[in-house]
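Colleague: Handing you this structure, nothing more for now.
The values are calculated or read from the model by the stated rules, or taken from the named source; none is laboratory data. Just so we're clear, the structure is a prediction, and the values are computed from it rather than from any experiment. Don't worry about glycine lacking a Cβ; one is built from the backbone with ideal geometry, like all the others, and counts go over all protein chains shown.
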Amino acid sequence: MITYIKKDQPQYKANLHCHSTVSDGKLTPAELKEAYKNHGYSILCITDHETPCDHTDMTEKDFLMLTGYEAYLRQTDGKHDAYLAEVHINLFAKDPHNVAVVNYNPGYCHYVKDEAAREALVKVGSQEKREYTVEYINNFVKTARENGYICSHNHPVWSMEKAEQVEAYEGFFTMEMCNYSSYTLNRMEYNAPLYDRLLRSGKRIFCHSADDNHNKEPFGHPSCDSFGGFAMVLAKDLTYPSVIEALEQGDFYSSMGPKILELTFDGDMVHIETEPVEQITMFTSGKKTLFVAGTEDAPVTSADFKIPSKTAYVRFDAVDFRGKHANTRGFFRDELGI
């Protein structure tokens with residue numbers, strides 16, 4: 001038997017995409033940490049644009065700050081064009097004190113205003129002009145990995161990326177299933193169809209959700225971009241090495257609300273338990289899905305499925321009565337020993 005999620009094990013709620021006053025966010029790092037801690041989170045990574053910062057001095061026994069930043073590669077020289085595709089990448093540092101900038105380019109690093117501060121940045125990789133091509137993006141991710149980062153592919157819908165190009169990317173350990181800031185703008189940045197396309201093409205990539213919050217609207221406002229998408233991290237404990245290890249191994253799941261309480265595999269049989277939801281679904285690599293549905297008076301809290309013999313992978317979705325999803329990563333047959 002394989003136990004992926006064990007009942008009553010610690011699950012650490014994490015926002016892995018966040019912007020502060022260091023770049024274009026409205027709240028300071030300290031204000032963000034306090035807000036997320038007060039909302040039941042245990043992990044926060046402030047990923048300011050092209051500006052890695054070590055915020056681990058704010059780590060407490062029950063709240064972990066990860067080090068990272070967001071990079072972006074455009075068809076223009078760093079300038080935003082609302083009608084051109086681009087790619088955004090979150091880089092999470094395996095060493096909490098790693099603040100190296102990958103493939104530094106001054107056209108992108110405009111939030112660091114002071115010239116002396118720009119000169120003081122730790123720079124790794126090429127400093128030539130960035131390109132929005134599969135080859136360049138894959139080399140960028142490779143350079144980031146070689147310099148101690150793991151990389152996430154961010155909000156492909158907002159970025160107007162073609163699925164064919166996304167399929168050709170290499171080296172991302174995870175993609176954003178829901179980017180909540182974009183979701184508040186377009187209600188489209190829930191990327192389950194794209195995730196299944198990647199799994200069907202054989203990509204071994206995980207999925208998570210994140211806020212990407214800038215907090216232009218106050219907490220409680222209908223357009224507030226905080227507290228709507230997160231990762232539940234199944235780390236051994238709340239320490240930097242354990243959390244990074246869990247991320248690298250795919251020991252986490254994506255959620256916009258529901259919590260998955262248990263997930264076990266026994267040969268080709270699956271048992272899953274969740275908080276009360278409207279439906280639990282097992283997706284496969286084919287057209288067929290298996291699901292159990294309920295009503296508000298009799299919600300679903302568990303399901304048992306048999307994995308079809310021809311499917312290359314399975315993944316699981318739990319959706320609540322507000323339409324909020326929790327998604328596991330894809331599990332391929334060889335991982336399950338079937």
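Colleague: Being over 16 Å from the mean Cα position of the chain (by Cα) and of a type in the set (D, E): is that true of E189 here?
Modeller: So E189 fails the test.
Colleague: Return the pair list, or none, for Cβ contacts closer than 8 Å from residues in the stretch 235-250 that are touching a residue at least 24 places away in the same chain (Cβ under 8 Å) and closer than 16 Å to N15 by Cα to residues that are part of a helix (DSSP H, G or I) and among the charged types (D, E, K, R), at least 6 apart or on different chains.
Modeller: Pairs that qualify, where the first residue is touching a residue at least 24 places away in the same chain (Cβ under 8 Å) and closer than 16 Å to N15 by Cα and the partner is part of a helix (DSSP H, G or I) and among the charged types (D, E, K, R), are A235/E245.
Colleague: Report yes if L238 is touching a strand residue (DSSP E or B) at 6+ places or on another chain (Cβ under 7 Å) and either assigned to a strand (DSSP E or B) or of a type in the set (D, E, K, R) (or both), otherwise no.
Modeller: So L238 fails the test.
Colleague: Just to check your reading of the model, which residue among L27, L44, L32 is of a type in the set (A, V, I, L, M, F, W, C) and surrounded by fewer than 21 Cβ atoms within 10 Å (Cβ to Cβ)?
Modeller: Within the list L27, L44, L32, the selection yields L27.
Rundown of residues vs (1) more than 23 Å from the chain's Cα centre (by Cα); (2) surrounded by 20 or more Cβ atoms within 10 Å (Cβ to Cβ); (3) more than 21 Å from F173 (Cβ to Cβ); (4) outside the structural domain of P241 (by TED's automatic domain parsing), yes/no style:
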{"residue": "E70", "(1), (2), (3), (4)": "no, yes, no, no"}
{"residue": "I89", "(1), (2), (3), (4)": "no, yes, no, no"}
{"residue": "V124", "(1), (2), (3), (4)": "yes, no, no, no"}
{"residue": "V134", "(1), (2), (3), (4)": "no, no, no, no"}
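Colleague: Could you check E273 against (1) buried (at least 16 other Cβ atoms within 10 Å of the Cβ); (2) on the phi > 0 side of the Ramachandran plot and say which number it fails?
Modeller: So E273 meets the others, but not (2).
Colleague: Given (1) within 18 Å of the chain's Cα centre (by Cα); (2) within 19 Å of K61 (Cβ to Cβ), where does H19 come up short, assuming only one miss?
Modeller: (2) is the only condition that H19 fails.
Colleague: Here's another thing I want to ask about it. Sort out which residues of the stretch 6-24 are closer than 23 Å to P241 by Cβ and surrounded by 21 or more Cβ atoms within 10 Å (Cβ to Cβ), and write them in order of number.
Modeller: Listed by number, the residues that qualify are Y12, A14, N15, L16, H17, C18.
Colleague: Sticking with this one: Checking E217 against (1) within 19 Å of S255 (Cα to Cα); (2) in contact with a Ser or Thr (Cβ under 9 Å, 6 or more places away or on another chain); (3) not small (G, A, S), which test does it fail?
Modeller: With respect to (1) within 19 Å of S255 (Cα to Cα); (2) in contact with a Ser or Thr (Cβ under 9 Å, 6 or more places away or on another chain); (3) not small (G, A, S), E217 is out only on (1).
Colleague: For the stretch 93-110, check the following and say yes or no: at least one residue is under 19 Å from T174 (Cα atoms), in a loop (DSSP other than H, G, I, E, B) and modelled with pLDDT of 95 or more.
Modeller: Yes, the stretch 93-110 contains at least one residue that is under 19 Å from T174 (Cα atoms), in a loop (DSSP other than H, G, I, E, B) and modelled with pLDDT of 95 or more.
Colleague: Quick check on my filter: what residues within the stretch 191-224 are without any contact (Cβ under 8 Å) to a residue 24 or more places away in the chain and at positive phi?
Modeller: Correct list: G220 only.
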